[in-house]
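The values are calculated or read from the model by the stated rules, or taken from the named source; none is laboratory data. All values reported here derive from a predicted model rather than from experimental measurement. Cβ placement follows ideal geometry from the backbone for every residue including glycine, while neighbour counts extend to all protein chains displayed.
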Amino acid sequence: MSGSFLKACVVILSVLAVTTSTFAGGIGTANTGFSCSQSALASAATTLASTSGVANREQTWKAILACSRQLHGQRANSQAQPAADTGNFVTFNIPGSFGPVPTAINNDGAVTGYYRDLTGFHSFLRTPDGTITTFDPPGASLGSIATGINPARIVTGEYADANDIIHGFLRAPDGTFTTIDVPGFIEFTNPTSINPAATVTGSFADNITFHGFVRSANGIFTTFDPPGSTYTEADAVNPSGTITGFYLSAKGESGFVRSPDGTIVTFDPPLVGSLVNYPIPSINAQGVIGGSYCEPACDAVHGFLRAPDGTLTITDAPGNNYGTQVAGINSAGTITGWYVLANFSAQHGFLRTSQGRFLTFAPPRLALHDTGRHKRLRNSRGKRLRCSVHCVSRLRVDAARLTQTL
């Protein structure tokens with residue numbers, strides 16, 4: 001990893017130290033005493049209740065989730081399809097890495113994602129027979145992150161070149177690469193999802209803000225923003241080409257649905273509150289969207305489903321819980337995600353069928369190195385970097401050590 005990239009990380013972490021709430025156990029702090037423990041989670045409810053400001057409360061909530069995943073890890077992906085209800089888990093690792101981070105799975109069970117080793121971030125593809133192929137696109141001097149995979153095993157993602165410019169990429173099944181840059185905007189292109197037709201969606205940056213884009217299989221780009229948007233993030237595309245994501249405007253954070261003909265419909269949570277972009281919204285083949293939202297004071301987080309006709313339904317895991325996070329929905333209407341108990345003592349995964357039946361689970365306890373969708377952050381040159389909340393927490397510890405050698 002280059003010195004410039006490490007210095008960029010340190011800049012990011014110093015900013016986060018100011019903006020992220022601190023509570024017992026050191027969660028959300030940028031110091032060598034960082035600690036994520038059961039006692040920290042147990043005391044979090046009291047601290048959260050006394051935290052002022054919706055933004056601060058949401059940051060605290062995200063930090064709680066990150067620590068909770070570290071202790072009770074569960075990662076769900078928006079493209080995951082239902083397997084037989086056996087309760088079996090298959091674990092895997094990449095030799096020499098600090099642990100793989102799966103980001104997407106296709107219907108056949110091929111998994112893509114990224115991992116970190118001593119040289120930086122790299123992408124991988126794991127086929128159903130267990131074969132793991134690691135890769136970086138040509139020119140990925142500062143690493144790569146795979147974000148999506150379709151049934152044909154075409155992988156999409158992003159990589160950083162030697163000039164800290166972020167490009168998108170496509171990796172074909174034969175291992176050949178295609179670079180994706182929105183025409184006229186080469187500073188930052190971030191693909192997030194790919195559908196069976198190889199249509200890719202994501203976001204790109206100009207000198208002012210972020211916008212959405214869709215790239216068809218023939219390489220034609222279309223850019224878009226919901227009305228009044230000051231920041232657009234396109235997060236998922238379904239087989240028909242319908243896209244969902246979120247955007248910021250004068251009224252706050254809202255969701256949107258973009259039809260293949262370019263029509264954009266916006267929506268807000270079922271009750272007064274704000275959409276939560278962690279995890280990001282997901283969409284199935286029928287156009288049903290799954291996501292989460294935060295109550296006005298972020299006293300609770302709820303899951304929701306949005307039907308194609310605009311009907312919004314709240315869905316919460318049963319029991320006394322602080323938050324339910326919806327991370328994915330399949331073509332059968334089954335949603336998956338996780339929920340955190342009211343006292344933050346545990347986090348569990350769940351499946352909810354279209355009939356409303358909940359199945360909860362927890363995988364074998366493992367030392368996780370990273371989880372969750374990515375949070376976009378600016379580096380020292382004003383460009384955006386991607387790092388999940390847990391990744392940010394880990395980088396804080398790493399940066400504290402690395403600054404001694406910079």
- line: Filtering segment 209-231 for residues that are part of a loop (DSSP other than H, G, I, E, B) and either on the phi < 0 side of the Ramachandran plot or hydrophobic (A, V, I, L, M, F, W, C) (or both) leaves a count of 10
statement: Within segment 186-197, the residues that are surrounded by 19 or more Cβ atoms within 10 Å (Cβ to Cβ) and either free of Cβ contacts under 8 Å to residues at least 60 places away in the same chain or within 19 Å of Ile280 (Cα to Cα) (or both) are Thr189, Asn190, Pro191, Thr192, Ser193, Ile194, Asn195
- prompt: Which numbered condition trips up Thr263, out of (1) under 23 Å from Phe204 (Cβ atoms); (2) crowded, with 20+ Cβ neighbours inside 10 Å; (3) among the β-branched types (Val, Ile, Thr)?
  reply: (2)
task: Consider Gln79 carefully, then state whether it is surrounded by 18 or more Cβ atoms within 10 Å (Cβ to Cβ), at pLDDT below 95, over 25 Å from Pro196 (Cα atoms) and among the polar types (S, T, N, Q).
output: no
- prompt: Is it the case that Glu253 is of a type in the set (D, E, K, R), in contact with a Leu (Cβ under 7 Å, 6 or more places away or on another chain) and in the same structural domain as Asp108 (by TED's automatic domain parsing)?
  reply: yes
- prompt: For segment 237-276, which residues satisfy the criterion of being assigned to a strand (DSSP E or B), hydroxyl-bearing (Ser, Thr, Tyr) and at pLDDT 90 or above?
  reply: Thr244, Tyr247, Ser249, Ser254, Thr266
- request: Identify the single condition in (1) of a type in the set (D, E, K, R); (2) modelled with pLDDT under 90; (3) not in a helix (DSSP H, G or I) that Arg394 does not satisfy, given that it satisfies every other one.
  value: (3)
- line: Counting only residues in segment 210-255 that are of a type in the set (D, E, K, R) and in contact (Cβ under 8 Å) with a residue 24 or more places away in the chain, the one surrounded by the fewest Cβ atoms within 10 Å (Cβ to Cβ) is identified as Glu253
task: Examine segment 281-299 for a residue that is surrounded by 15 or more Cβ atoms within 10 Å (Cβ to Cβ) and in contact with a Cys (Cβ under 6 Å, 6 or more places away or on another chain), and state whether such a residue exists.
output: no
